[in-house]
Amino acid sequence: MLNSCLKINAKRLIIYNDMNNEPEIISEIDKILEDAERLLNSSENVNELDDRFRNFTGKKGKITGILHNIHLYSAEEKKIIGSKSNEAKNRIENIYNGKKKELSNIEYGKSSTGRGIDLTIPGSYMEGPHKHPITAVLEEASDFFSSMGFEIVEGPEIETTHYNFDALNIPADHPARDVWDTFYLLNGLVPRTHTSSVQARTLEKKQLPLRVIAPGRCYRYEAVDATHLFMFNQMEGLFVDKNVRLTDLKGILEETVKNLLGARKTRFRPAFYPFVEPGLDLDIECVFCGGRGCGICKNTGWIEVIPCGMVHPNVFKYAGIDPQEYRGFAFGMGFDRIVMLKYNINDLRLLYQGNIDILKQF
Ligand code: DAH
């Protein structure tokens, strides 16, 4: 309407606003801007928005019309009208761009391109989860023992001195107690120093014959270095039946080493543990020096991996089992050590630092 009036008789249509001496067309531009703001912001989809936008700034749009006729005004007026129109045009463009983004996002979200997922974007690499080496070897060992009929049992990490010592034939005044550098809690309990406590607990239930393994954490008052930690993992084993012999112990443990560590040279040598008689240590040839002798095997060429023995008659007696009727063997693997040997890790601390770069290598 304004455009056509201007075309017909533009010069005579210039009416001045009394108050601020501006051409009336300025308030027209304000009105156009107001309309544009309202219409663009209320558009319901991108098509509607584009149409409406074109009505203001397109070739035949309202703002374009005003600029088109600007030659009809005086130089002074051209300046005012020109700058006001450009200001309005910029503002309308900004409103349009903002609204377009908003409507496009909504429409994209509803589109078949995957309800907001663009299937054409190349995927990013995600590293899969993997098990901690101790957990992985523990599961492997558990599977192996299960295949030989062993059941997996657990005992408490905070233990009574009865199960940790007395029931294992280590009375309070026995010097062997000192071997296990024990943390004593104020309430008289102890963080178990070995998983052998689970032997005592299992025997007490008297469900015989039995074959169990008991993996778990143990605690000792140790100065931490490459081969000692104050917290470590052990896996206890106990096999009780009427005719169990030392050769059964040897056969099963040699098979265990073969399964977990591959073909290795092994040897048994006598050792003292109060809860077994005889007591033994199963050693394997040092993996680090091939038996020649090095710092890790203390120049012996051998590394102790599984202390073991035949269950002491007193341990059976504490549990109320007749040692004439039943026999058994037991072993207590230092599990962290098995993991170290399996993967050639020469510092135990690496397993507990939670360093992903180290752990993901296994
Ligand atoms: N409990 C012992 C320790 O931590 C290891 C051990 C030795 C366990 C002989 C056994 C065994 O079951 O028969 O030093």
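Every read-out reported here was derived from the displayed coordinates using simple, explicitly stated rules and does not represent laboratory data. Quantities reported herein were computed from a predicted structural model and do not represent experimental measurements. Note that we place each Cβ from the backbone using ideal geometry, even for glycine, and neighbour counts take in every protein chain shown.
Here are the numbers:
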{"read-out": "Nearby aspartates and glutamates by direct alpha-carbon distance to LYS110 (threshold 20 angstrom, same-chain neighbours under 8 apart not counted)", "value": "GLU44, GLU48, ASP50, GLU102, ASP118"}
{"read-out": "DSSP beta bridges in the stretch 133-359 [antiparallel fraction, %, rounded to 5]", "value": "95"}
{"read-out": "Relative contact order, percent, the chain [alpha-carbon distance under 8 Å, six or more residues apart]", "value": "13"}
{"read-out": "Translational diffusion coefficient (Stokes-Einstein; Kirkwood radius from C-alpha pairs) of the stretch 95-247 at 10 °C, 1.306 mPa s, in µm²/s", "value": "78"}
{"read-out": "Net dipole in debye of the chain [+1 Lys, Arg Cβ; -1 Asp, Glu Cβ; about Cα centre; nearest 20]", "value": "1140"}
{"read-out": "Relative packing of 325-338, 92-105, 267-280, which averages over residues the other C-beta atoms within 10 Å, highest first", "value": "325-338, 267-280, 92-105"}
{"read-out": "Solution diffusion estimate, µm²/s, Stokes-Einstein, the stretch 235-291, Kirkwood Rh from C-alpha pairs, 25 °C, viscosity 0.890 mPa s", "value": "192"}
{"read-out": "Under the Karplus curve 6.51 cos²θ - 1.76 cosθ + 1.60, θ = phi - 60°, whole-Hz ³J(HN,Hα) for the stretch 347-362, x wherever Gly or Pro sits", "value": "9, 4, 4, 4, 6, 10, 7, x, 7, 4, 4, 7, 5, 6, 6, 9"}
{"read-out": "Options LEU168, GLY98, TYR219, ranked by Cα towards positive dipole end of the chain, top entry (Cβ charges)", "value": "GLY98"}
{"read-out": "Placed amide H near GLY309: partners under 5 Å, 5+ positions off or other chain", "value": "LEU280, ALA330"}
{"read-out": "Karplus 3J(HN,Hα) series, Hz, for the stretch 160-171 with 6.51 cos²θ - 1.76 cosθ + 1.60 (x for Gly, Pro)", "value": "7, 5, 4, 6, 6, 10, 3, 5, 9, 6, 10, x"}
{"read-out": "Phi to ³J(HN,Hα) by Karplus 6.51 cos²θ - 1.76 cosθ + 1.60 over the stretch 319-329, Hz, x for Gly, Pro", "value": "8, x, 10, 7, x, 6, 8, 10, 10, x, 10"}
{"read-out": "For the stretch 133-359: span of alpha carbons on each principal axis (Å, largest first)", "value": "49, 43, 30"}
{"read-out": "Amide H contacts under 5 Å for PHE288, placed H, 5+ residues apart", "value": "none"}
{"read-out": "Tensor-based shape of the stretch 175-306 (alpha-carbon gyration tensor, a/c under 1.5 rounded, otherwise prolate or oblate)", "value": "oblate"}
{"read-out": "Reachable aspartates and glutamates, given that their alpha-carbon falls under 18 Å from the alpha-carbon of LYS79 and they are not under 8 places away in the same chain", "value": "GLU22, GLU24, GLU28, ASP30, GLU87"}
